Amino acid sequence: MATKPTKVTLTFDNDILPVELPILSGTLGNDVIDIRTLGNHGIYTYDPGFLSTASCNSNITFINGEKGLLYHRGYPIEQLAKNCDFLEVAHLLIQGELPNREQNKTFRTAVERHTMLHDQMNNVFRGFRRDAHPMAVMVSVVGAMAAFYPEHTDVSDPKLREKAAIRLLAKAPTIAAWSYKYTSGQPFMYPQNKLSFAENFLHMMFATPCEDYVVNPVVSKAFERILILHADHEQNASTSTVRLVGSSGANPFACIAAGIASLWGPAHGGANEATLKMLDEIGDISRIDDFIKRAKDKNDSFRLMGFGHRVYRNMDPRAAIMRETCHEVLNELGLNDDPMFKLAMRLEKIALEDDYFVKRKLYPNVDFYSGIVMRAMGIPNSMFTAIFALARTAGWIAQWHEMHTEPSNKIGRPRQLYTGEMKREFAPINDR
Ligand code: CMC
């Protein structure tokens, strides 16, 4: 087997001397060429969308898209989803290790003690129109936390960073649930610390002061899985946004609010909402063939939402787990004969067998199944991305925290290839 290269030499077709660059290896995954010194030679690289560029070192999450692998701190996602609850996974991501019994209790108690919002924050919610999208409310309320906890503008103190992590993780479900309650016109429901993290969110979403919401254990287990499967996913757009904002020393609430804003985009966190919209549009099993035809037609911009993935060229391991959960929930709730869910399952079957999708390795992705599960639970489409944001808060905090402990951390400041006007002379307004 050929030995791995340790350096590369860049040569130019003029009189610039060759530049030698080291190659760095991680513990898993691709090696990278270290181009940090290239700028000293007056040369920069061009890589819009960071398609070939690693922006940081990270010990948190590893993905191999070809093989369909996802590990958090070395643990395969399948093992975590099967054996842990969301707070254990959040502890793993943020603190670096799965908690032992005592650490678990301490972490859980710390989160429980911070689930309530400052009472004045009710007024922040009440400033919005009642039809505000929950993501618009979440971005604002999370950003507004900086006004309530000004001590967190100091990001150099690890103890304060830990406190901010707990505050964000604990309050995210309350903020997400209240953003729904506000738009539905129902009173806010306060968190109940006797419930698990997942149950508590479902209670704040669905209970009212007049009626308890008894959480179905199959539903709460499925919700726990949705949270675990969305907790972190390496250096995606929202995580990179959190790191970039954080690199300037901005407070943690501003960083997470920026992550939520990035996640809101339809190319990122909005796909599960888009899947359900598409299923509604298809409307009936008899129309599936037409839509499959449209998805294959190169002259039609329609794509089968909830299918395919930029990184996974194999079954997304999260989708495989969510698929199982999806079938459990539909069985438990007696929804297998519901026309919308029948349609979804038929679409899944056709796409898994169709030559076009098989050849291109276009498997149903995690958003296809999580959208169906959330619809079955009675969660409205507009809340899907907000729930993704609530889960991803764990990963964003872990990545933000890691960035601040990294000695090589620098303010993010990309270069550009300028393609505008050359220098020109100013002309007074009457001469233009
Ligand atoms: N329906 C029909 N054809 C598709 C689809 C689809 N959903 N996705 C990809 N293709 C085709 C595409 O037309 C191309 O065909 P050809 O080789 O003949 O030109 C081939 O498959 C490869 O596609 P690509 O555009 O190179 O793939 P990509 O990596 O650029 O796109 C994607 C990945 C996720 C944006 C795309 O699959 C897509 O638009 N899917 C639907 C939206 C969706 O479900 N997004 C959620 C992704 S998971 C979110 C997360 O993890 O955060």
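Coordinate-derived values only; no laboratory data. Source: prediction; values computed, not measured. So basically every Cβ, Gly included, is an ideal-geometry build from the backbone, and we count neighbours across all protein chains shown.
Some observations on this one:
- Distance histogram in 5 Å bins (all Cα pairs of segment 1-143, percent per bin): 2, 6, 11, 11, 11, 12, 12, 12, 9, 7, 5, 3, 2, 0
- The dipole here belongs to the chain: it is taken about the Cα centre, uses +1 on the Cβ of Lys and Arg and -1 on the Cβ of Asp and Glu, and is about 360 debye.
- Over 43 Å [Cα-Cα, the chain], rounded percent: 19 percent
- Projected label points at Arg287 and Lys82, each 7 Å from Cα along the beta carbon direction, are separated by 4.0 nanometres.
- Taking 7 Å steps out from each Cα toward its Cβ at Lys277 and Lys342 produces label points 2.7 nm apart.
- Efficiency of FRET between Lys159 and Gln120 - r from beta-carbon atoms, R0 22 angstrom, step 0.05: 0.30
- Computed [θ] at 222 nm, helices only, for the chain once each DSSP H run of length n ≥ 4 contributes -39500 (n - 2.57): -15500 deg cm²/dmol
- Fewest-first ranking of Trp396, Trp264, Trp178, using other Cβ atoms within 10 Å as the exposure measure: Trp264, Trp178, Trp396
- Label point at Leu10 placed 7 Å out along Cα→Cβ; residues across segment 31-47 whose backbone nitrogen lies under 16 Å: 32-47
- Cα→Cβ-extended label distance, 7 Å offset, between Glu66 and Thr45, nm: 1.9 nm
- Sequentially through segment 30-41, phi angles give Karplus couplings (6.51, -1.76, 1.60; θ = phi - 60°) of 6, 6, 10, 7, 7, 9, 4, 8, 4, x, 4, 9 Hz, Gly and Pro residues having no value and appearing as x.
- Of all complete DSSP H helices in the chain, those with a Cα span along the helix axis of 20 Å or greater and a mean Kyte-Doolittle hydropathy of 0.0 or more are 134-148, 339-353, 384-405.
- Partners of Lys296 within straight-line reach, counting lysines whose Cα lies under 28 Å from its Cα and excluding those fewer than 8 residues away in the same chain: Lys67, Lys277, Lys342, Lys349, Lys359, Lys361.
- Selection from His72, Pro18, His41, by position along the positive dipole direction of segment 1-78 (Cβ): His72
- Applying 1/(1 + (r/R0)^6) with r as the Cβ-Cβ distance of Met315 and Val218 and R0 = 30 angstrom yields a FRET efficiency of 0.80.
- Using Cβ point charges alone (K and R +1, D and E -1), the dipole size of segment 299-432 about the Cα centre works out to roughly 620 debye.
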